Amino acid sequence: MGRPLTSSHWGIYRVELENGQPVKLTPFEDDPAPSPIRSAILDTRTGPCRIAQPMVRRSYLEKSVNADRALRGQEAFVPVSWETALDLVASELGRIRDDFGHEAIYAGSYGWASAGRFHHAQSQLRRFMNLFGGCTTARDSYSYAAAEVILPHIVGPMAKLIETHTSWRSIAEAGGLVIAFGGMALRNSQMNAGGVGRHSQSEGMRAAKAAGIKFINIGPCNSDVEDELNADWIAIRPNTDVALMLALAHTVVSEDRHDREFLAQYCQGFEKFLPYLMGETDGQPKSAEWAAHICGIKATEIIQLSRAMVENPTFLNGSWSLTRQENGEQPIWMLVVLACLLGGIGKPGTGFGLGLGAVNGVGSDRGYLPWAALPTGKNPANRFIPVSRISDMLINPGASFRYDGKIYTYPDIRLVYWVGGNPFHHHQDINRLRRAWQNVETVVVHEPFWTATARHADIVLPTTVALERNDLAASTRDDYLIAMQKVAEPFGEARNDHDIFAEIAFHLSRKGLGRKSLPSEFTGELDEKGWLKKLYEESRERGKHYGHILPEFEDFLELGTLRLGPPRKPRVMLEKFRADPLDAPLSTPSGRIEIFSAKIESFNLPGHPVWRAPTEWLGGSLAGKYPLHLITHQPDRRLHSQLDQSTHSRAGKIHAREPCRLNPNDAKSRNIQNKDLVRLYNKRGACISAALIDENVRPGVVMMATGAWYDPDWENDPDLCKHGNPNVLTRDHPTSEIAAGPSALSCLVEIALLADEAPRVTAHEPPPLA
Ligand SMILES: Nc1nc2c(c(=O)[nH]1)N[C@H]1C(S)=C(S)[C@@H](COP(=O)(O)OP(=O)(O)OC[C@H]3O[C@@H](n4cnc5c(=O)[nH]c(N)nc54)[C@H](O)[C@@H]3O)O[C@H]1N2
Ligand SMILES: Nc1nc2c(c(=O)[nH]1)N[C@H]1C(S)=C(S)[C@@H](COP(=O)(O)OP(=O)(O)OC[C@H]3O[C@@H](n4cnc5c(=O)[nH]c(N)nc54)[C@H](O)[C@@H]3O)O[C@H]1N2
Ligand SMILES: [Mo]
């Protein structure tokens with residue numbers, strides 16, 4: 001057995017110990033491209049941002065639910081004993097349930113939490129809430145809700161498509177041209193939900209390049225594709241990809257180069273889409289000239305691209321970012337339709353892709369792996385919202401909303417319970433969220449760190465970090481299974497989420513607010529090791545069906561790591577359907593790819609993909625006032641907001657602010673020099689940032705990473721974030737009534753040199769303790 005192992009969403013590491021203390025993490029020996037975010041893990045394990053003790057907001061401790069809710073986020077906290085805190089949480093859960101019902105508890109609790117199958121925070125919360133009697137939960141993701149909801153109507157469930165995603169090996173062997181809508185930024189491939197044994201994305205891309213594959217990056221930023229790939233850049237206006245795809249389709253059809261056989265055999269409804277494409281239904285042919293004005297691309301360039309697409313085996317990759325915009329369902333639908341016209345779906349190296357580069361696993365040959373997860377049971381309350389509708393729900397209890405063809409109502413939420421996520425970083429229009437949050441009587445948060453969400457809670461329960469617990473790490477798209485080892489004692493009085501919920505179950509049952517058996521039902525009468533063994537044994541059993549023979553549990557612990565053998569052949573999405581559409585039909589109503597969907601039409605919406613201009617974009621009227629399109633992309637130096645307090649993340653700041661990047665022309669016309677402090681603003685709010693002048697950014701676009709810890713200027717202007725969290729600017733609007741997903745990337749802003757003296761950044765200072 002080697003040195004102990006730990007795992008994170010960005011990599012596996014060996015831990016070096018000195019006098020029983022972890023002193024250094026070294027990259028996993030099999031990883032050819034380890035992520036430098038490694039250093040943040042040890043750097044932040046101790047320090048002022050760690051929460052050492054249970055905490056209660058000062059006025060909440062005094063006045064309970066009568067405390068001034070507007071003080072959340074700025075008030076001092078009082079350290080209390082675990083006994084006091086757990087008793088308080090149990091009493092509140094019981095009271096809210098008795099007075100308002102289980103649906104009044106919102107525990108959608110979105111977030112990435114940490115790697116590790118057992119100590120996965122959301123799973124622990126779900127298991128607890130379901131046994132307690134249920135709660136309102138959330139559906140779909142912030143990552144690609146629009147795709148998750150539209151794809152089952154068109155081709156099949158997104159998760160299933162990603163399980164069999166066409167791999168780089170297949171593209172290298174049989175492809176020719178990769179067209180990347182939204183690029184394939186390598187910074188994002190540092191991650192895999194659950195862990196990464198080998199960072200292989202770059203290898204895959206370079207092997208394809210070496211095999212002669214050509215790359216085209218269609219997006220607002222030229223550096224979204226690795227330099228080595230030598231990609232051509234088509235600097236499209238943000239949010240106009242559907243218009244470009246329609247024009248490409250129009251040109252292919254006009255030149256009679258579409259694959260009629262594929263359309264007839266594998267697709268449904270091309271004839272219903274064609275009149276729209278050719279302009280027979282609305283008088284507007286979706287020609288290259290038409291799209292040129294919308295997309296800011298030359299018509300000749302569009303025509304050339306369409307010819308390159310039919311003359312080469314072409315792979316069309318859609319970045320997940322395409323979904324996070326108003327009408328974000330449409331680019332995904334149109335991507336599939338364009339691939340149908342080319343006829344390559346289900347063949348090696350061609351067809352469409354959903355997120356090569358978005359995380360490490362997409363594009364590998366490793367298919368789905370059967371690792372067991374903590375059993376969570378069913379939610380008896382059976383109430384949900386589409387995940388990003390949280391502010392709407394809190395502001396409009398009882399109001400109706402549309403989702404996937406049905407009408408639902410928002411429950412009346414009285415208590416919010418969050419573990420393993422940071423809505424005060426991740427949600428759009430944070431200023432709106434901050435106000436909506438005041439409609440809730442009690443907020444409970446489990447966190448290792450003083451994030452903005454922890455600071456906006458009434459009761460904060462401090463949790464351990466991965467280095468402080470034993471676990472089993474495995475990602476469904478990675479070759480490795482890792483025995484994560486506890487290498488440090490919990491910081492202060494921090495506890496594991498599992499132990500906290502077990503204690504709350506105990507308090508509930510002791511107070512007569514829950515069944516006698518609730519604690520033992522929750523723990524399953526197993527300790528940490530018992531659970532790890534159970535999850536391992538279940539994985540071992542499932543693995544057999546996939547041909548993986550795993551050793552005994554104790555032997556696995558001794559080994560510390562297992563690597564599954566290499567997959568046999570390159571993966572090709574929808575290969576079986578292609579081989580025999582009758583024998584292996586899709587799960588869509590027609591069993592075929594739905595270019596026209598009667599189901600979507602039954603929602604009173606167009607039954608085929610359409611171009612709809614978003615409310616905020618460079619071609620719209622609001623661009624007169626706010627002339628820059630803000631793209632809030634994933635951060636290079638961290639996972640979302642995680643460990644933003646680390647030296648590694650802070651090294652990316654300029655004057656302690658999260659930088660933004662803009663084109664030299666846009667900087668010049670505003671008299672902005674490189675590294676100047678600037679103010680980004682629109683009608684929803686403002687944040688301070690430092691400008692980086694970058695010719696790789698399309699004119700009219702500003703790029704800013706998400707995840708800087710939200711730091712409102714309470715004294716002067718609470719709608720201003722001093723540190724540079726861009727979600728004070730983004731729009732909190734559903735993609736459409738299909739998925740009601742987040743549309744963060746449809747947002748206009750203006751930038752100006754900062755006129756006043758910059759307020760001090762306080763994001764990484766803990767709140768005052770009373
Ligand atoms: N404007 C804009 N906003 C976006 C996006 C965008 O593109 N633009 N992207 C969106 C996307 S795709 C996503 S996925 C979301 C991500 O949003 P989140 O997943 O909410 O972001 P994280 O920063 O990963 O939050 C995880 C939190 O869990 C805590 N944590 C870690 N381990 C544990 C644990 O063991 N127990 C407990 N209790 N807590 C733990 C961490 O400290 C951290 O605060 O952001 C979304 N927001
Ligand atoms: N290092 C790091 N990696 C991560 C994460 C992280 O926090 N840190 N988060 C992970 C998560 S949860 C997710 S969901 C994935 C997200 O993966 P993606 O959604 O692919 O990532 P983003 O960085 O948001 O966006 C990628 C690029 O899309 C382009 N883009 C934006 N809008 C448009 C548009 O309208 N049209 C076109 N053509 N292009 C556009 C931008 O140039 C942007 O750089 O990343 C994952 N990987
Ligand atoms: Mo995501």
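The values are calculated or read from the model by the stated rules, or taken from the named source; none is laboratory data. Just so you know, these numbers come straight off a predicted model, no measurement behind them. In this analysis, Cβ positions are derived from the backbone assuming ideal geometry, glycine residues included, and neighbour counts consider all displayed protein chains.
Values as computed for the structure displayed
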{"quantity": "Pairs, first within 23 Å of Gln642 (Cβ to Cβ) in region 1-22, second among the aromatic types (Phe, Trp, Tyr) and part of a strand (DSSP E or B), C-beta under 6 Å, six or more apart", "calculated": "Thr6/Tyr13"}
{"quantity": "Options Ala381, Ala399: the member that is touching a Cys at 6+ places or on another chain (Cβ under 7 Å) and more than 16 Å from ligand 3 (Cβ to nearest atom)", "calculated": "Ala381"}
{"quantity": "Number of the condition not met by Thr281 [criteria: (1) in contact (Cβ under 8 Å) with a residue 40 or more places away in the chain; (2) away from ligand 2 (no atom under 11 Å from the Cβ); (3) among the hydroxyl-bearing types (Ser, Thr, Tyr)]", "calculated": "(1)"}
{"quantity": "Qualifying residue in region 61-79 (condition: within 16 Å of ligand 1 (Cβ to nearest atom) and in a helix (DSSP H, G or I))", "calculated": "no"}
{"quantity": "Number of positions in region 494-521 that are closer than 14 Å to His119 by Cα and either among the β-branched types (Val, Ile, Thr) or in contact with a Phe, Trp or Tyr (Cβ under 6 Å, 6 or more places away or on another chain) (or both)", "calculated": "3"}
{"quantity": "Boolean, Ser114 is in the same structural domain as Ala452 (by TED's automatic domain parsing), of a type in the set (Ser, Thr, Tyr), within 16 Å of ligand 2 (Cβ to nearest atom) and farther than 19 Å from Asp412 by Cα", "calculated": "yes"}
{"quantity": "Subset of region 291-341 [of a type in the set (S, T, N, Q) and farther than 19 Å from Val572 by Cα]", "calculated": "Thr300, Gln304, Ser306, Ser321, Thr323, Gln325, Asn327, Gln330"}
{"quantity": "In region 150-195, residue farthest from Cys267 (Cα to Cα) [restricted to those that are hydroxyl-bearing (Ser, Thr, Tyr) and surrounded by 24 or more Cβ atoms within 10 Å (Cβ to Cβ)]", "calculated": "Ser189"}
{"quantity": "Qualifying residue in region 135-149 (condition: more than 16 Å from ligand 3 (Cβ to nearest atom) and surrounded by fewer than 19 Cβ atoms within 10 Å (Cβ to Cβ))", "calculated": "no"}
{"quantity": "Inter-residue pairs, beta-carbon under 6 Å, first not assigned by TED's automatic domain parsing to the domain that holds Glu737 and acidic (Asp, Glu) and in region 317-343, second in a helix (DSSP H, G or I) and away from ligand 3 (no atom under 16 Å from the Cβ), 6+ apart", "calculated": "Glu329/Ile150"}
{"quantity": "Members of region 343-382 found to be assigned to a strand (DSSP E or B) and touching a strand residue (DSSP E or B) at 6+ places or on another chain (Cβ under 7 Å), listed by number", "calculated": "Gly351, Phe352, Gly353, Leu354, Leu356"}
{"quantity": "Strands (runs of 3 or more DSSP E) contained entirely in region 453-562, each with at least 2 residues that are within 18 Å of Gly194 (Cβ to Cβ)", "calculated": "471-474, 480-484"}
{"quantity": "Filter pass, Val702 being more than 13 Å from ligand 2 (Cβ to nearest atom), surrounded by 24 or more Cβ atoms within 10 Å (Cβ to Cβ) and β-branched (Val, Ile, Thr)", "calculated": "no"}
{"quantity": "Unmet criterion (only one of (1) under 30 Å from His733 (Cα atoms); (2) not assigned by TED's automatic domain parsing to the domain that holds His498) for Ala372", "calculated": "(1)"}
{"quantity": "Residue ranges of helices (runs of 4 or more DSSP H) in region 118-208 with at least 1 members among the aliphatic types (A, V, I, L, M), farther than 30 Å from Lys486 by Cβ and touching a residue at least 24 places away in the same chain (Cβ under 8 Å)", "calculated": "145-154, 158-163, 168-174"}
{"quantity": "Single residue of Gly355, Gly344, Gly361 found to be modelled with pLDDT of 95 or more and within 16 Å of ligand 1 (Cβ to nearest atom)", "calculated": "Gly355"}
{"quantity": "Check on Ile672, aliphatic (A, V, I, L, M) and either within 30 Å of Gly156 (Cβ to Cβ) or within 16 Å of ligand 3 (Cβ to nearest atom) (or both)", "calculated": "no"}
{"quantity": "Test result for Ala308, among the small types (Gly, Ala, Ser), assigned to a helix (DSSP H, G or I) and surrounded by fewer than 24 Cβ atoms within 10 Å (Cβ to Cβ)", "calculated": "yes"}
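Conditions tested, residue by residue: (1) over 27 Å from the mean Cα position of the chain (by Cα); (2) more than 16 Å from ligand 3 (Cβ to nearest atom); (3) surrounded by fewer than 24 Cβ atoms within 10 Å (Cβ to Cβ); (4) aliphatic (A, V, I, L, M).
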position: Tyr681; (1), (2), (3), (4): no, yes, yes, no
position: Cys687; (1), (2), (3), (4): no, yes, no, no
position: Thr706; (1), (2), (3), (4): no, no, yes, no
position: Leu720; (1), (2), (3), (4): no, yes, yes, yes
position: Pro726; (1), (2), (3), (4): no, no, no, no
position: Glu750; (1), (2), (3), (4): no, yes, yes, no
